[in-house]
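These notes concern the structure reproduced below.
The values are calculated or read from the model by the stated rules, or taken from the named source; none is laboratory data. None of these values were measured; they are calculated from a predicted model. Don't worry about glycine lacking a Cβ; one is built from the backbone with ideal geometry, like all the others, and counts go over all protein chains shown.
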Amino acid sequence: MPIALIVLAAGQGTRMNSDLPKVLHEVGAAPLVAHALRAGWALEPERVVVVAGHGAEAVTRAVRAWDETAEVVLQAEQKGTAHAVAQAAPALAGFAGDALVLYGDTPFIRPGTLSAMAEARARHDIVVLGFEAADPGRYGRLVMRGEELLRIVEWKDASENERAIGLCNSGVLMADAALLLDLVGGVGNDNASGEYYLTDIVALARARGLSAGVVTCEESETLGINTRAELLAAERLFQDRARAAALEDGVSMPAPETVHFALDTVIGRDAVVEPHVVFGPGVTVESGARIRAFSHLEGCHVSRGAVVGPFARLRPGTELAEDVHVGNFVEIKNATLGEGAKANHLSYIGDASVGERANIGAGTVTCNYDGVFKHRTEIGARAFIGSDTMLVAPVRVGEGAMTASGSVITQDVPDGALGLGRAAQVNKPGFARRFMERLKAAKARQG
């Protein structure tokens, strides 16, 4: 059955005390709405519609960064969840299949839970995701008769008996797309909030003789984010899950509680991640690599057998081949290092390609930016870059070539040649002694 994904992302998040739309606050270095999108991808949706409101332009940019095919529609007035779903109707014109409604501020629903909902659609016209809450509080309640869902009642509108029900509504549901849009068109706002509740479609469907059922999940999957404190709790939960998943997948972490993952971090088995490592977005680490302590990685690929750190920074566009060594206080950006290349300490390599088994000496800098444009540096295979070399791009150091320590290289160095670019040393006998005596005398006069 084809699936359409509808993500409701129009909430303002006023309790966040922020100018940022609520769904753009981050957990695992990714906006909340990205978590909802990734959860929905488990069902391989043919269409993805995100309903935005406050900050729609920013939400659109964030959504497109994660899913270029997604269509973002506007809910100009916040009139409730049924009204929000109705805004997706034009984007779903002609679609024949099921629609799944998710929420952009609910990041933890598992793919397996959504698969269970898809399976339950064979038995029910509408499937709702419910959970048993430790403290039901002000959640909407699911009124059941056996396995049949009779209606969903919001806490504000519930009787005392209904408020005593422990089975709560997550807001997530699945139904035939055409049926869903037809039902939301019949929802009214005669309730305590004066809003158009998506939950009312269950009673409307039952009045037509249609069936509704419930799939349940752990309460933690339904965690919604409304405050900074809840955002913090969500980050902790995400990191705990990510660390547990990495260990289960065969990653070694001697202090996992100090390692921070992003939503899309991928690490192969038998990789080692030492304490206090931070993974930003877009990182892949292959099997057998080692990321040493206090390193920060984002937008990079680390191949098998490579060693990174300690205290290294890999920025977007970094590609490390097998058995590369990147050591302490080395920063790499938009650069490729070939198999076995080494940059062991105190260097910056940006907008560059480094050939296999090349050696980058301490203090090397690729001077890639002229104030307007970025320029590339090419370092050939088995080249040896002497310590404290400034490579002024665009420049090429050939295969097997060398640069002398302390050189400023402004011209290409041919294959196998030595590039030497430093001024001749001049010694001035006795100058240091006389100079220091003058300085001390001047200081004594001031005191």
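Which ones in the range 246-267 are within 25 Å of residue 65 (Cβ to Cβ) and in a loop (DSSP other than H, G, I, E, B)?
Looking only at the range 246-267, we keep the residues that are within 25 Å of residue 65 (Cβ to Cβ), and these are 246, 259-267.
259, 261, 262, 263, 264, 265, listed by residue number.
Does at least one position in the range 92-103 carry a residue that is closer than 16 Å to residue 263 by Cβ, buried (at least 24 other Cβ atoms within 10 Å of the Cβ) and not aromatic (Phe, Trp, Tyr)? Yes: one or more hits. Annotation note: Cβ proximity below 9 Å between a residue of the range 6-24 that is under 30 Å from residue 97 (Cβ atoms) and a residue that is of a type in the set (D, E, K, R) and part of a helix (DSSP H, G or I) (sequence gap 6+ or interchain) occurs for 9/22; 11/22; 22/15.
Annotation note: Cβ proximity below 6 Å between a residue of the range 233-262 that is closer than 15 Å to residue 284 by Cβ and a residue that is part of a loop (DSSP other than H, G, I, E, B) and of a type outside the set (A, V, I, L, M) (sequence gap 6+ or interchain) occurs for 242/261; 249/269; 262/28; 262/280; 262/281.
When residues of the range 200-224 are filtered for being of a type outside the set (Asp, Glu), farther than 23 Å from residue 112 by Cα and assigned to a helix (DSSP H, G or I), how many remain? Counting residues in the range 200-224 that are of a type outside the set (Asp, Glu), farther than 23 Å from residue 112 by Cα and assigned to a helix (DSSP H, G or I) gives 7. Filtering the range 297-310 to residues that are charged (D, E, K, R) and either free of Cβ contacts under 8 Å to residues at least 12 places away in the same chain or assigned to a strand (DSSP E or B) (or both) leaves nothing.
Here residue 243 meets the list (1) closer than 30 Å to residue 94 by Cα; (2) in a helix (DSSP H, G or I) almost entirely, failing just condition (1).
Of all residues in the range 98-156, those being at negative phi and part of a loop (DSSP other than H, G, I, E, B) number 21.
Among the numbered conditions (1) farther than 30 Å from residue 10 by Cβ; (2) touching a residue at least 24 places away in the same chain (Cβ under 8 Å), the only one that residue 313 does not meet is (2). Do we find a residue being under 34 Å from the mean Cα position of the chain (by Cα) and among the basic types (Lys, Arg) anywhere in the range 115-122? Yes, the range 115-122 has at least one match. Only residues that are hydroxyl-bearing (Ser, Thr, Tyr) and farther than 15 Å from residue 293 by Cα were counted in the range 228-280, giving 1. No other residue among 213, 146 is more than 25 Å from residue 9 (Cβ to Cβ) and either among the aromatic types (Phe, Trp, Tyr) or in contact with a His (Cβ under 8 Å, 6 or more places away or on another chain) (or both) apart from 213.
The number of residues in the range 347-371 that are in contact with a Ser or Thr (Cβ under 9 Å, 6 or more places away or on another chain), closer than 13 Å to residue 337 by Cβ and either in a loop (DSSP other than H, G, I, E, B) or free of Cβ contacts under 8 Å to residues at least 12 places away in the same chain (or both) comes to 1. Screening the range 27-69 for residues that are outside any strand (DSSP E or B), among the small types (Gly, Ala, Ser) and touching a residue at least 60 places away in the same chain (Cβ under 8 Å) and picking the one that is surrounded by the most Cβ atoms within 10 Å (Cβ to Cβ) gives 36. Among the residues of the range 400-417, just one is assigned to a loop (DSSP other than H, G, I, E, B) and in contact with a Phe, Trp or Tyr (Cβ under 8 Å, 6 or more places away or on another chain), namely 401. For the criterion of being among the charged types (D, E, K, R) and either modelled with pLDDT of 95 or more or not in a helix (DSSP H, G or I) (or both), residue 235 passes. Within the range 360-401, the residues that satisfy the criterion of being among the hydrophobic types (A, V, I, L, M, F, W, C) and surrounded by fewer than 20 Cβ atoms within 10 Å (Cβ to Cβ) are 362, 365, 367, 372, 373, 381, 384, 390, 392. With respect to (1) in contact with a strand residue (DSSP E or B) (Cβ under 6 Å, 6 or more places away or on another chain); (2) closer than 20 Å to residue 108 by Cβ, the lone exception for residue 199 is condition (2).
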